[in-house]
Amino acid sequence: MIITEELINQFAELTGDKNPIHLDEKAAKEGRFGKRIAHGFLIGSLISAEIARQYPNAVYTQQNMTFRRPVFIGDEITVDVQAAYDNIEAGGQIVLSTRCLNQKGKEVLTGFGVIV
């Protein structure tokens, strides 16, 4: 998915997270990254969409996330979800390795999720 200004603005409206680092070019320019960045949870929400594609009808019960790099307007994000451990035979859970990568193949978000 390509991260657009419109997507960031919509996420800000939906969540109420109107931190200037996401919305105000002038404020962001003075900040740590020098320009606007996407909300971390916007990128994290892409994991949920990928889990829904790979595991229809699963219930997503847990996620931890580490934000590795900023995501900028125009970045293309790819989500990688892999089963790391499963206990399906016993009616248990699946632990997933989750990553989001930018167009350069650099990890922007890493973590683990759990589905049942």
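Could you look through region 33-45, keep only residues that are part of a loop (DSSP other than H, G, I, E, B) and not hydrophobic (A, V, I, L, M, F, W, C), and pick out the one that is nearest to Gly111 (Cα to Cα)?
This residue is His39.
Can you say whether Val71 is within 18 Å of Asn102 (Cβ to Cβ), aliphatic (A, V, I, L, M) and in contact (Cβ under 8 Å) with a residue 24 or more places away in the chain, as far as the supplied structure shows?
yes
Restricting attention to region 91-116, and to residues there that are free of Cβ contacts under 8 Å to residues at least 24 places away in the same chain and in a strand (DSSP E or B), which single residue is nearest to Val79 (Cα to Cα)?
Arg99
Considering only region 76-112, state which residues are touching a helix residue (DSSP H, G or I) at 6+ places or on another chain (Cβ under 9 Å), at pLDDT 95 or above and crowded, with 16+ Cβ neighbours inside 10 Å.
Residues satisfying the conditions are Ile77, Val79, Val81, Leu96, Thr98, Arg99, Cys100, Val108, Leu109, Gly111.
Could you grab me the full set of residues in region 1-16 that are surrounded by 16 or more Cβ atoms within 10 Å (Cβ to Cβ) and either free of Cβ contacts under 8 Å to residues at least 40 places away in the same chain or farther than 26 Å from Val81 by Cα (or both)? Step through it out loud before you land on a result.
Step one: of region 1-16, the residues surrounded by 16 or more Cβ atoms within 10 Å (Cβ to Cβ) are 3, 8, 11-12.
The answer is Phe11, Ala12.
For region 19-32, which residues satisfy the criterion of being surrounded by 13 or more Cβ atoms within 10 Å (Cβ to Cβ), of a type outside the set (Gly, Ala, Ser) and part of a loop (DSSP other than H, G, I, E, B)?
If the condition is that a residue be surrounded by 13 or more Cβ atoms within 10 Å (Cβ to Cβ), of a type outside the set (Gly, Ala, Ser) and part of a loop (DSSP other than H, G, I, E, B), then Asn19, Asp24 are the ones that fit.
The values are calculated or read from the model by the stated rules, or taken from the named source; none is laboratory data. Keep in mind that what you see is a predicted model, and the values were worked out from it rather than measured. Note that each Cβ is placed from the backbone with ideal geometry, even for glycine, and that neighbours are counted across all protein chains shown.
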